[in-house]
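Shown next, in structure tokens, is the structure this report addresses.
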Amino acid sequence: MSEQPARGGFQRGFGRGDGDRGRGRGGDRGRGGRGRGRGRKDEEEKWVPATKLGRLVQQGKIKSLEQIYLFSMPVKEYQIIDYFLGATLKDEVMQIMSVQKQTRAGAINRFKAFVIVGDHNGHCGLGVKCSKEVATAIRGSIILAKMACIPVRRGYWGNKIGKVHTVPTKITGKCGSVVVRLVPAPRGAGIVAARVPKKVLQMAGIDDCYTASRGHRRTLGNFVKATFAALRNTYGFLSPDLWRPTKYSMAPVQEFTDFLAKPTYGAPKPAPTAEDFPTY
């Protein structure tokens, strides 16, 4: 058994020193906590871009998210997705599972969260994050899902009448032992799928779809990843409606080189040289 700390000891601060209650007068209820909370919220609302793409988006040089996808530019800031899809983007927690790591000191328990985000109009993202706290894992998964947001190609089952409503062709996605196949369905058929792929397809904006799957579907993480991989493959093939000649243009980073060359507020200062130090 571990020894009890002596009364008035310094293990828990300058309080009474009796176990968990020795946090001192006031504890965490002081005014500093409330002030720090308000400041943190203001900092989150103010976005200071850290990448060239973020600077172009904030200044309005890039007009749409499709322009980013056209040039395959990596999105390293989730605020870029919020800038274009902020009001329409919804998120759904698919699963929160407990994972363990065995060490010499014992087992370390953490929580793993799977989150899907989408605007129900052709954009979908999947994020997976592991953390000691459930709220931190969910928050991190939402950020990763936004940065992994992809365009989802949609099409028709028969005649091209009305809006797109289903997947363009038969598509397959795989993760682990789970294989998910998406098959176009006629208008009005709905999404014929299990709970997990149905939620992913709804987030992507697909109204009608048949599905077929095999493997160990109880592993929800692989099931949702396989469905997401199938949606990513929708733009991985060339069909006759995409045979139009491509008009090449400069990438945004190349087009706005002069703007990006200008110094930004808060940019790191150059290293001092010998001329900066006066001689006496």
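The values are calculated or read from the model by the stated rules, or taken from the named source; none is laboratory data. This structure is a prediction, so every number in the text was calculated from the model and none was measured. Cβ placement follows ideal geometry from the backbone for every residue including glycine, while neighbour counts extend to all protein chains displayed. These area figures cover heavy atoms from the full protein model, side chains too; ligands, DNA and RNA do not enter into them. Shrake-Rupley method; radii C 1.70, N 1.55, O 1.52, S 1.80 Å.
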(message) Per q in 0.14, 0.19, 0.21 Å⁻¹, report the Debye log10 I(q)/I(0) for the stretch 138-193, using one uniform scatterer on each alpha carbon and no solvent.
(response) -0.56, -0.85, -0.92
(message) Quick check: the distance between the Cα centres of the stretch 61-137 and the stretch 184-200, to the nearest angstrom?
(response) 23 Å
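Compute the FRET efficiency between Thr88 and Ala271 as 1/(1 + (r/R0)^6), taking r as their Cβ-Cβ distance and R0 = 45 Å, and round to the nearest 0.05.
E between Thr88 and Ala271, to the nearest 0.05, is 0.50.
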(message) Can you give me the distance in nm between label points at Ala105 and Ala50, each placed 7 Å from the Cα along the Cα-to-Cβ direction?
(response) 2.7 nm
(request) Enumerate the calculated ³J(HN,Hα) couplings along the stretch 62-69 in order (Karplus 6.51 cos²θ - 1.76 cosθ + 1.60, θ = phi - 60°), each rounded to whole Hz, writing x wherever the residue is Gly or Pro. (result) 9, 8, 8, 6, 5, 5, 6, 5
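Using the Kirkwood formula over every pair of different C-alpha atoms, what hydrodynamic radius in Å results for the stretch 209-276? Display every interim value, and only then the final one.
Details: mean 1/r = 0.0541 Å⁻¹.
Computed over the stretch 209-276, the radius equals 18.5 Å.
What is the antiparallel percent of DSSP beta bridges lying wholly in the stretch 165-280, to the nearest 5? Walk me through the intermediate numbers first.
On the way: 10 of 12 bridges.
Of all bridge pairs located within the stretch 165-280, approximately 85 percent are antiparallel.
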(request) Select from Ala189, Ala229, Val167 the residue farthest towards the positive end of the dipole of the stretch 159-230; place +1 on Cβ of Lys and Arg, -1 on Cβ of Asp and Glu, and compute about the Cα centre. (result) Ala229
(request) Could you rank Cys124, Cys130 by how accessible they are, 1.4 Å probe, largest area first? (result) Cys130, Cys124
(request) Take Thr246, Thr227, Thr51, Thr273 and sort them by solvent-accessible surface of the protein heavy atoms, 1.4 Å probe, largest at the top. (result) Thr246, Thr273, Thr51, Thr227
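Beyond a 28 Å Cα-Cα separation, which of these cross-linked pairs lie in this structure: Lys76/Lys170; Lys52/Lys170; Lys61/Lys198; Lys76/Lys160; Lys146/Lys199; Lys160/Lys198?
Values: Lys76/Lys170 31 Å; Lys52/Lys170 37 Å; Lys61/Lys198 36 Å; Lys76/Lys160 37 Å; Lys146/Lys199 17 Å; Lys160/Lys198 24 Å.
Pairs exceeding 28 Å: Lys76/Lys170; Lys52/Lys170; Lys61/Lys198; Lys76/Lys160.
Counting only protein heavy atoms and a 1.4 Å probe, tell me what percentage of the stretch 206-269's accessible area is made up of carbon and sulfur. Numbers along the way, then the final one.
Details: 2610 of 4780 Å².
Ligands and nucleic acids excluded, carbon and sulfur reach 55 percent.
Just need the Rg to Rh number for the stretch 60-208, please, alpha carbons only, Kirkwood Rh. Kindly include the intermediate steps, with their values, before the conclusion.
Numbers: Rg = 17.7 Å, Rh = 17.1 Å.
With Rh from the inverse mean 1/r over Cα pairs, Rg/Rh is 1.04.
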(request) Kindly provide the pair-distance distribution of the stretch 206-245 built from C-alpha pairs, with 5 Å bins from 0 and whole-percent values in order of increasing distance. (result) 6, 16, 21, 21, 17, 9, 7, 4, 1
(request) Would you kindly derive the ³J(HN,Hα) couplings of the stretch 86-92 from the backbone phi angles with the Karplus curve 6.51 cos²θ - 1.76 cosθ + 1.60 (θ = phi - 60°), listing them in order in whole Hz, with x for Gly and Pro? (result) x, 6, 9, 7, 10, 10, 9
(message) I'd like to know how the stretch 139-244 sits against the 2.2 N^0.38 Å rule of thumb: what's its Cα Rg over that expected value?
(response) 1.07
